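Step one of this worksheet: look at the structure below.
The values are calculated or read from the model by the stated rules, or taken from the named source; none is laboratory data. Here the structure is a predicted model, which is why all the values come from computation and not from measurement. Please note: Cβ atoms are built from the backbone with ideal geometry, for glycine as well, and neighbour counts cover all protein chains shown. Heads up: the accessible areas ignore ligands, DNA and RNA and are worked out on the full protein's heavy atoms, side chains in. Shrake-Rupley method; radii C 1.70, N 1.55, O 1.52, S 1.80 Å.
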Amino acid sequence: MEPRPFAERRLVCFPHAGGSPYFFRGWSKALHEFEVRAVCYPGRAERFGEPYATELAPMAQRIAAELLTDDDPRPLALFGHSMGATVAYEVARALEAAGRTVHHLFASGARAPQLHVPDAAAATAWDEAAVVQTLIELGGTDPELLGNRAFVDLVLPYIGADFRMLAGYGRGPAEPLTCPVTALVGTDDPRVTGDQSAAWRETTRGRFALRTLPGGHFYLEQDPPYETVAGTRRGE
């Protein structure tokens with residue numbers, strides 16, 4: 001978001017399904033000790049002309065491969081929201097498998113990855129009506145925009161592609177991470193329960209914390225969890 005070579009730490013942010021890096025545009029100003037980066041998935045923003053990703057884990061592995069080319073020694077944390085939490089988890093797995101230390105994983109508004117079961121039928125069910133209905137239910141998208149045909153034609157193809165990709169995701173057997181994990185969930189999230197968020201505890205041998213915050217699925221639009229992110233230090 002803003003080059004900050006003298007920041008103590010780095011934070012890479014992963015947007016939700018249909019999200020773009022701009023979702024995290026204010027984070028750099030609030031998190032002074034971090035150099036904040038945000039992932040742009042293919043098919044949107046500056047990557048609008050690229051084909052959509054169809055499989056979550058291979059996309060995460062490509063992101064991890066890019067991070068592995070960076071020899072920056074500063075501690076690296078990953079923050080993912082909703083689908084982005086699952087992507088961030090898979091990136092953390094790939095980084096640790098390659099011998100790179102991840103200093104913290106923040107999993108926001110998402111079920112733990114072991115709770116995902118690939119569902120081919122659900123993947124094909126994400127037509128335009130289902131996507132629009134889900135966006136209304138989750139919040140985070142202006143309902144008036146969803147009534148704008150030009151807007152719908154622009155964004156629904158890649159939002160639907162993300163939903164189908166997530167529906168097809170299944171983790172399978174996996175070694176626990178070694179990094180600390182913090183799970184965050186809104187008290188009124190219509191899609192993620194506290195228990196589903198707490199199940200992130202099983203993904204790591206490191207420390208685990210659960211933060212329940214006021215709001216729905218997009219609680220972080222009104223009140224980003226800056227204090228939670230900034231309050232963690234190396235190895236915590």
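List of remarks:
- Region 95-111, residues that are in a helix (DSSP H, G or I), closer than 20 Å to R9 by Cα and either open to solvent by 20 Å² or more (accessible area, probe 1.4 Å) or at pLDDT below 95 (or both): E96
- Single unsatisfied condition, G140 versus (1) part of a helix (DSSP H, G or I); (2) of a type outside the set (D, E); (3) modelled with pLDDT under 95; (4) open to solvent by 30 Å² or more (accessible area, probe 1.4 Å): (1)
A quick yes/no check of all residues on (1) touching a Lys or Arg at 6+ places or on another chain (Cβ under 6 Å); (2) of a type outside the set (A, V, I, L, M, F, W, C); (3) part of a strand (DSSP E or B); (4) over 18 Å from G168 (Cα atoms):
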position: A17; (1), (2), (3), (4): no, no, no, no
position: C40; (1), (2), (3), (4): yes, no, no, yes
position: P58; (1), (2), (3), (4): no, yes, no, no
position: I63; (1), (2), (3), (4): no, no, no, yes
position: L67; (1), (2), (3), (4): no, no, no, yes
position: D70; (1), (2), (3), (4): no, yes, no, yes
position: R74; (1), (2), (3), (4): yes, yes, no, yes
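- Checking the stated criteria, A92 turns out not to satisfy the condition of being part of a loop (DSSP other than H, G, I, E, B), open to solvent by less than 20 Å² (accessible area, probe 1.4 Å) and either under 26 Å from T193 (Cα atoms) or in contact with a helix residue (DSSP H, G or I) (Cβ under 9 Å, 6 or more places away or on another chain) (or both).
- Exactly one residue among P42, P15, P3, P73 is under 26 Å from T203 (Cα atoms) and surrounded by fewer than 18 Cβ atoms within 10 Å (Cβ to Cβ), and that residue is P73.
- Scoring G49 on the criteria (1) at negative phi; (2) touching a residue at least 12 places away in the same chain (Cβ under 8 Å) leaves a single failure, condition (2).
- Verdict on R62 being within 20 Å of M165 (Cα to Cα), open to solvent by 80 Å² or more (accessible area, probe 1.4 Å) and either in contact with a Pro (Cβ under 7 Å, 6 or more places away or on another chain) or not aliphatic (A, V, I, L, M) (or both): yes
- Leading residue by the ranking (nearest to E66 (Cα to Cα)) among those in region 19-38 that are open to solvent by less than 10 Å² (accessible area, probe 1.4 Å) and assigned to a strand (DSSP E or B): V36
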